[in-house]
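Colleague: Sharing a structure with you now.
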Amino acid sequence: MKKYLIIYNGSAGKSDNEAIAKKAQSLLESNGKSVTLSQTKSRDDAVEQAQKSPENYDCLITIGGDGSINTACEGFLKAGQSIPLGIIPGGTINNFARALHIPLNTDQAINNLLDGSPAEVDLGAVGKTPMVSSLTLGRLADIARNVKDDEKKRFGKMIYLVKGFKELFTNRSYKLKITANDRSEVLRAQILLITTTNSVGGFIAFNPDASYDDDYLHVFLLKSFTPMKLLTYLSYFITGNLKNAQGVRYFKTKTVKIDNLSKRDIQARIDGDPAISLPITVTTKSDFLQVIVPRVEREGS
């Protein structure tokens with residue numbers, strides 16, 4: 001009998017998670033699975049449970065958005081191995097779930113735990129810190145830092161556009177040293193974005209050349225991000241052609257080192273949450289994850 005562990009945050013404001021977890025438990029047990037529910041007390045608790053899960057379980061299920069998935073993956077990284085990961089989306093953007101075509105509807109996502117099959121998925125990492133979807137620094141990270149959790153819940157991804165418009169009227173740039181693909185370059189940029197899939201901010205056509213199992217990090221550098229260029233960049237962004245826009249540098253790599261040559265501290269944000277200060281080295285761990293995706297997606301990959 002296969003053993004499943006469902007971890008969920010049952011803190012205030014996320015009380016639906018327990019009901020969702022029990023619903024998933026009921027379906028899985030009615031189909032012959034052994035299921036353990038665990039309400040996590042903190043992020044550290046969730047990481048620890050995910051780290052121990054490969055020793056005792058056949059599948060780990062998490063409820064939430066990219067941050068919750070990141071937590072599970074941190075546990076896997078610390079364990080040095082992973083087991084099939086089931087995802088029941090519950091975040092605001094659910095970027096990673098969208099990229100893998102995991103249903104956003106709760107009932108459909110629960111059914112996918114049984115009907116889907118594991119697909120090998122790349123994982124980005126900064127040491128033992130995982131990057132399941134994206135890493136940002138510069139003005140894009142500044143925008144995200146200014147968005148509060150209650151604003152994300154109320155307004156969804158549109159709040160990023162509103163906050164972003166305000167940020168356009170500043171003129172900060174960052175002096176960076178970028179080392180990748182056996183070469184180094186010093187440059188100034190206002191935004192740096194690294195992704196592991198074709199989806200960013202819920203836009204699944206952001207980079208059609210990328211996929212969740214292509215073994216690469218996809219790096220975008222925007223040298224200038226001004227009100228005059230907003231509509232141009234936005235149109236390129238939505239149509240998946242940002243890398244072709246004037247003033248945008250794009251490359252793909254398996255490892256990239258980013259050094260801070262500016263006087264002020266620069267922090268990178270990973271999967272929408274505060275992360276670490278430069279310098280950092282980001283690598284890709286090819287096919288490290290096994291994520292349960294719809295069979296149609298699995299067969300088409």
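Colleague: Of everything in the range 237-277 that's in contact with a Leu (Cβ under 6 Å, 6 or more places away or on another chain) and of a type in the set (S, T, N, Q), which residue is farthest from residue 203 (Cα to Cα)?
Modeller: Within the range 237-277, the match that is farthest from residue 203 (Cα to Cα) is 260.
Colleague: Would you check which residues across the range 47-66 are closer than 15 Å to residue 128 by Cα and either open to solvent by 10 Å² or more (accessible area, probe 1.4 Å) or free of Cβ contacts under 8 Å to residues at least 40 places away in the same chain (or both) and list them? Write out each step before concluding.
Modeller: So the first thing to find is which residues in the range 47-66 are closer than 15 Å to residue 128 by Cα, and the list is 47-48, 50-51.
Scanning the range 47-66 gives 47, 48, 51.
Colleague: In the range 275-296, how many residues are open to solvent by 60 Å² or more (accessible area, probe 1.4 Å) and out of contact with any strand residue (DSSP E or B) (no Cβ under 7 Å at 6 or more places or on another chain)?
Modeller: 1
Colleague: Determine, yes or no, whether residue 286 is hydroxyl-bearing (Ser, Thr, Tyr), in a strand (DSSP E or B) and either within 18 Å of residue 191 (Cβ to Cβ) or at pLDDT 95 or above (or both). Walk me through it before giving the result.
Modeller: Details: hydroxyl-bearing (Ser, Thr, Tyr): yes; in a strand (DSSP E or B): yes; either within 18 Å of residue 191 (Cβ to Cβ) or at pLDDT 95 or above (or both): yes.
Criteria met by residue 286.
Colleague: Another question, then. Of these, 280, 258, which one is touching a Ser or Thr at 6+ places or on another chain (Cβ under 8 Å), modelled with pLDDT of 80 or more and not small (Gly, Ala, Ser)?
Modeller: Working: 280 fails: touching a Ser or Thr at 6+ places or on another chain (Cβ under 8 Å).
None of the other options fit; the residue is 258.
Colleague: Looking at (1) modelled with pLDDT of 70 or more; (2) hydrophobic (A, V, I, L, M, F, W, C); (3) open to solvent by less than 50 Å² (accessible area, probe 1.4 Å), which is the one condition that is false for residue 168?
Modeller: If we test residue 168 against (1) modelled with pLDDT of 70 or more; (2) hydrophobic (A, V, I, L, M, F, W, C); (3) open to solvent by less than 50 Å² (accessible area, probe 1.4 Å), just (1) comes out false.
Colleague: On to the next question. Could you please find all residues in the range 172-203 being within 22 Å of residue 283 (Cβ to Cβ) and open to solvent by 60 Å² or more (accessible area, probe 1.4 Å)? Break it down into steps so the answer makes sense when it comes.
Modeller: Taking the range 172-203 as the starting set, the residues that turn out to be within 22 Å of residue 283 (Cβ to Cβ) are 174, 176-187, 189, 191-200.
Listed by number, the residues that qualify are 177, 181, 182, 183, 184, 186.
Colleague: How many of the residues making up the range 26-46 are open to solvent by less than 50 Å² (accessible area, probe 1.4 Å) and within 21 Å of residue 273 (Cβ to Cβ)?
Modeller: 3
Colleague: Would you check which residues across the range 55-77 are farther than 15 Å from residue 43 by Cα and among the acidic types (Asp, Glu) and list them?
Modeller: 55, 58 - these are the residues of the range 55-77 that are farther than 15 Å from residue 43 by Cα and among the acidic types (Asp, Glu).
Colleague: In the range 204-227, is there at least one residue being polar (S, T, N, Q), at pLDDT 70 or above, open to solvent by 70 Å² or more (accessible area, probe 1.4 Å) and outside any strand (DSSP E or B)? Outline the logic, then answer.
Modeller: Of all residues in the range 204-227, those polar (S, T, N, Q) come to 207, 211, 224, 226.
Keeping just the survivors that are at pLDDT 70 or above gives 207, 211, 224.
When the remaining residues are screened for being open to solvent by 70 Å² or more (accessible area, probe 1.4 Å), the result is none.
No: the range 204-227 contains no residue that is polar (S, T, N, Q), at pLDDT 70 or above, open to solvent by 70 Å² or more (accessible area, probe 1.4 Å) and outside any strand (DSSP E or B).
Colleague: Being surrounded by fewer than 17 Cβ atoms within 10 Å (Cβ to Cβ) and at pLDDT 95 or above narrows it down to one of 72, 79, so name that one.
Modeller: Values: 72 fails: surrounded by fewer than 17 Cβ atoms within 10 Å (Cβ to Cβ).
Of the residues listed, the single one that is surrounded by fewer than 17 Cβ atoms within 10 Å (Cβ to Cβ) and at pLDDT 95 or above is 79.
The values are calculated or read from the model by the stated rules, or taken from the named source; none is laboratory data. Just so it is clear, the model here is predicted, and its values are computed rather than measured. FYI the Cβ positions are ideal-geometry reconstructions off the backbone, even for glycines, and counts take in every protein chain you see. What goes into the accessible areas is simple: the full protein's heavy atoms, side chains included, and nothing from ligands, DNA or RNA. Shrake-Rupley method; radii C 1.70, N 1.55, O 1.52, S 1.80 Å.
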